[in-house]
Structures are given as C-alpha cells and as structure tokens.
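I have placed the structure first, in the form of structure tokens, so that the comments after it can refer back to it.
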C-alpha cells in the first residue's frame, strides 16, 4: 500500500469505521423501496466543483459540458422514462468546501460526481461515506478510493500516470539511459503521492534521478525552483503538476534553461499550452484521456457552439461532457433498478472488467474488487502545432 499523509490515513480509518453503516444504509434503501434522489419521474445527480475562487472559470466550462450532455439525454427520453436532474454545489476548491458541498448534496442526490480538483474530493469523501452515496471523482487520491466503499476514480488516477512515466522515459525518451533526470512536483497531497510512486518506479527502471523539487501552485515566481534543478545538472525534467506548469516553462526560458520536458498531470491540455505561449510545442508526456483528439470531440463542439461562442475552456467542457456520458452508461446498466446497492454491485462485479464502460475520450473503464479506479492506462502524447495528440497505444508501461 502506498505511504499516505496523516490526513489521508485519518480519512481511510474513518472510511473503515463507517463501512458497516454504509452496508446498512445501502441495503436498507434497497429493501424499503425508498431511494434518495430517485422517484418515478427523475434521477438526481449531485455535482460539485469550485464555482468560486481561482478555478471557477475551469469549473464553469466543465459544468457547461456536463449539463449539455444531460440536456440532450433528457430530450431523448432520459433513463428508463426518468429525467436526469443535476444538483450543483460550490466546493471553493478547498477541503472544507468539498465537505460542505457533500453535506449539501448527500440528502438530495442518488449519486455524486466530483468534476474537478483533488482537495475538494478529499473533503467530500467522508461525508459521502457516512450516507452511502456512490461517489465518482476525477481527482481523488487513489489510496483513499481503494480504502473506500463508495468512491471510484476516473479515468486513470494521476498516481498511476506517474508510475508509467519512468518506463516511458526509459523506452521512448532516453533508451540509452544517459539522461540526468529531475522531477518537479506540485506541493499537495495527490502530487506528493505521484512523486513517491514515480521515484519508486524510476528506481526499478534504473533512471538516474539527480534532483527533486516541489513548487507551490500560487508562487510569485518559479525561477529559484528551476535554477536549482538546472544547477543539479538535470537535462530531462519530469513535471507532475497542473496549472502552474506554464509558468515553470516560462521561468526556464527566462534563465535560458532548455532540458527535455515530460511528465503527467492536469497540464496536458491545449489551453495550458496556449498559456505557456507555445513553450509546450514538441513536449511528449502521458495523459489520462483524450480531449481535442477524441473521436467525438468535433461532434461535441458542434453541440456546444450552438449554446455559446468558442472559448479557451472548450476542452474542459468536453471533460464534463465525457463524465456525463459515463454516468449515462452506468445508469443504463442498472436496467431500471435504481438503488445505490445496485450501483455498487455493478461497479464491483467480477465481470465488469470483461465488459467495461466505453467513452470515446477515455481508456475502457472498469473496476476490480480491490482497486477502485477506472483504468490503469496512460496515453503517450505530443504537442504538435499547438495540439496535444496521442502518439501511441495506451498502456500502463511502455
């Protein structure tokens, strides 16, 4: 089991202590005929994200895409004659905000979806645990999901992306094993786990790690961070992070530092390449899912741009659209038996791996009995003419 922070361990212990309550909650609802968030006319999906604060613009895009798909679903008759309603809550991109959002949604929604952000998911999970609410997250730390009876992570957990990077470096970027490698990682729990998993996998792959450097998401400058890894002699830098990565690339350019960049994380969106001023051109990295290069992305844009003008958050809106498609496929598999117990039974079924949920943007999504995540596959990708483009087949090792 991966080493965890004290906060993660505390949440995991709380999840274990509440597992008996979860079972009673789920089974009691199934036998009583009453189920929160479901009646003869509707199914309510709880959705939380930072609708205020620094990530609000990204969330607005994701919610737009999610709601767009749900509207189309309802226009086509909904699910088993029921309309799907979306109950929203603002988590403010904080742990405490996630907890408050979950309390708001738990008594309203049949199941819940975390549309962006690890910190809110960490706060929300214990609240959903207490009430036995099925919880789908795009960014929950994997160790917490594995210890939970209600949580599932999709598409591929960031920690598993980080584990795949060393073999990608060894076999694709540095087959001669000559690179001096540094890893830069965002200073937060989920990125710390990414770093730790990367280091262990790098040791197994025989990579030469010359430096590790953490950075804060909202630092005034990243020049000192970049200078330290340059001074350590690194000529290949693995980036494990998100919105700060464009500023790191700009800091490197400012001091004339030009290593090979790679890595994994939320920064592998075209909008972050644009924010970097094109400095990601030619970078090869691993992604959890397709976006602008997905098979149905053009179809999505056609629908989206009937409702609003094209904008920089179109990709994020597509991520929301994909999440709604996943939930639709899950609900269809329930065959009209809308109980939380039925959801858990479906997602943890031994046969689920043989018949995964297919969404165009994601690797096939399935869960095992003890590993509650959507996929273990990473997508090798490269920025070509300003666009992240998949360059090979998805795999957990390369």
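Would you say residue 281 is buried (at least 17 other Cβ atoms within 10 Å of the Cβ), touching a residue at least 60 places away in the same chain (Cβ under 8 Å) and touching a strand residue (DSSP E or B) at 6+ places or on another chain (Cβ under 6 Å)?
Spelling it out, it is not the case that residue 281 is buried (at least 17 other Cβ atoms within 10 Å of the Cβ), touching a residue at least 60 places away in the same chain (Cβ under 8 Å) and touching a strand residue (DSSP E or B) at 6+ places or on another chain (Cβ under 6 Å).
Which condition number does residue 77 fail, the rest of (1) part of a loop (DSSP other than H, G, I, E, B); (2) in contact (Cβ under 8 Å) with a residue 12 or more places away in the chain being met?
Status for residue 77: all satisfied but (2).
Rundown of residues vs (1) free of Cβ contacts under 8 Å to residues at least 24 places away in the same chain; (2) within 20 Å of residue 286 (Cα to Cα); (3) in contact with a helix residue (DSSP H, G or I) (Cβ under 7 Å, 6 or more places away or on another chain); (4) outside any helix (DSSP H, G or I), yes/no style:
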residue: 144; (1), (2), (3), (4): no, no, yes, no
residue: 163; (1), (2), (3), (4): no, yes, yes, no
residue: 172; (1), (2), (3), (4): no, yes, no, no
residue: 191; (1), (2), (3), (4): no, yes, no, no
residue: 230; (1), (2), (3), (4): no, no, no, no
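Filter segment 287-314 down to the residues that are surrounded by 21 or more Cβ atoms within 10 Å (Cβ to Cβ) and closer than 16 Å to residue 384 by Cβ and list them by number.
The answer is 287, 290, 291.
Would you say residue 197 is assigned by TED's automatic domain parsing to the domain that holds residue 236, assigned to a helix (DSSP H, G or I) and buried (at least 24 other Cβ atoms within 10 Å of the Cβ)?
The answer is yes for residue 197.
Exactly one condition in (1) out of contact with any helix residue (DSSP H, G or I) (no Cβ under 8 Å at 6 or more places or on another chain); (2) surrounded by fewer than 17 Cβ atoms within 10 Å (Cβ to Cβ) is not met by residue 206; state its number.
Tallying (1) out of contact with any helix residue (DSSP H, G or I) (no Cβ under 8 Å at 6 or more places or on another chain); (2) surrounded by fewer than 17 Cβ atoms within 10 Å (Cβ to Cβ), residue 206 fails exactly one: (1).
Conditions tested, residue by residue: (1) assigned to a helix (DSSP H, G or I); (2) touching a strand residue (DSSP E or B) at 6+ places or on another chain (Cβ under 8 Å); (3) surrounded by 21 or more Cβ atoms within 10 Å (Cβ to Cβ).
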site	(1), (2), (3)
89	no, yes, yes
92	no, no, yes
96	yes, no, no
99	yes, no, no
104	yes, yes, no
112	no, yes, yes
121	yes, yes, yes
124	yes, yes, yes
127	yes, no, no
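The values are calculated or read from the model by the stated rules, or taken from the named source; none is laboratory data. The structure displayed is predicted, hence computed values, not measured ones. Reconstructed Cβ throughout: ideal geometry from the backbone, glycine too, with neighbour counts over all protein chains shown.
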